[in-house]
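Chemist: Structure incoming, see below.
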Amino acid sequence: MIQLKETSKDMYDVSEWMDRQFGEVGSPEREKFRMEAESYCVGQIIREARKKENVTQAELAERVGSTKSYISRIEHGTVEPGAGLFLRILDALGLRFDILKSGV
């Protein structure tokens with residue numbers, strides 16, 4: 001069970017728990033966790049977009065020149081696609097990637 005410090009009614013501080021579970025911010029363990037979390041989030045974005053477009057993993061793989069198993073691994077966050085494949089996936093799903101300067 002997760003033991004979180006209550007900061008006020010119905011609000012909890014997860015910092016201490018995160019430090020215990022994954023190491024302090026900046027540690028190799030915490031960095032590994034952050035990278036795994038980002039890979040998982042990217043995979044979920046792709047998965048949800050694919051499902052919204054009613055495209056199977058096999059169809060998406062064919063559109064981008066990959067394999068169904070690799071698309072599955074991306075969606076599960078076990079691998080992170082390279083930039084080229086990521087952009088082809090977005091294009092195949094009718095999505096757009098914009099680069100904006102912070103604060104604009």
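Chemist: Do you know which residues across the range 52-104 are among the hydroxyl-bearing types (Ser, Thr, Tyr) and free of Cβ contacts under 8 Å to residues at least 24 places away in the same chain?
Modeler: THR56, SER66, THR67, SER69, TYR70, SER72, SER102
Chemist: Further question on the same structure: Does GLU62 count as of a type in the set (D, E, K, R), surrounded by 13 or more Cβ atoms within 10 Å (Cβ to Cβ) and either at pLDDT 95 or above or not in a loop (DSSP other than H, G, I, E, B) (or both)?
Modeler: yes
The values are calculated or read from the model by the stated rules, or taken from the named source; none is laboratory data. Remember, predicted model here, so these are calculated numbers, not experimental data. Don't worry about glycine lacking a Cβ; one is built from the backbone with ideal geometry, like all the others, and counts go over all protein chains shown.
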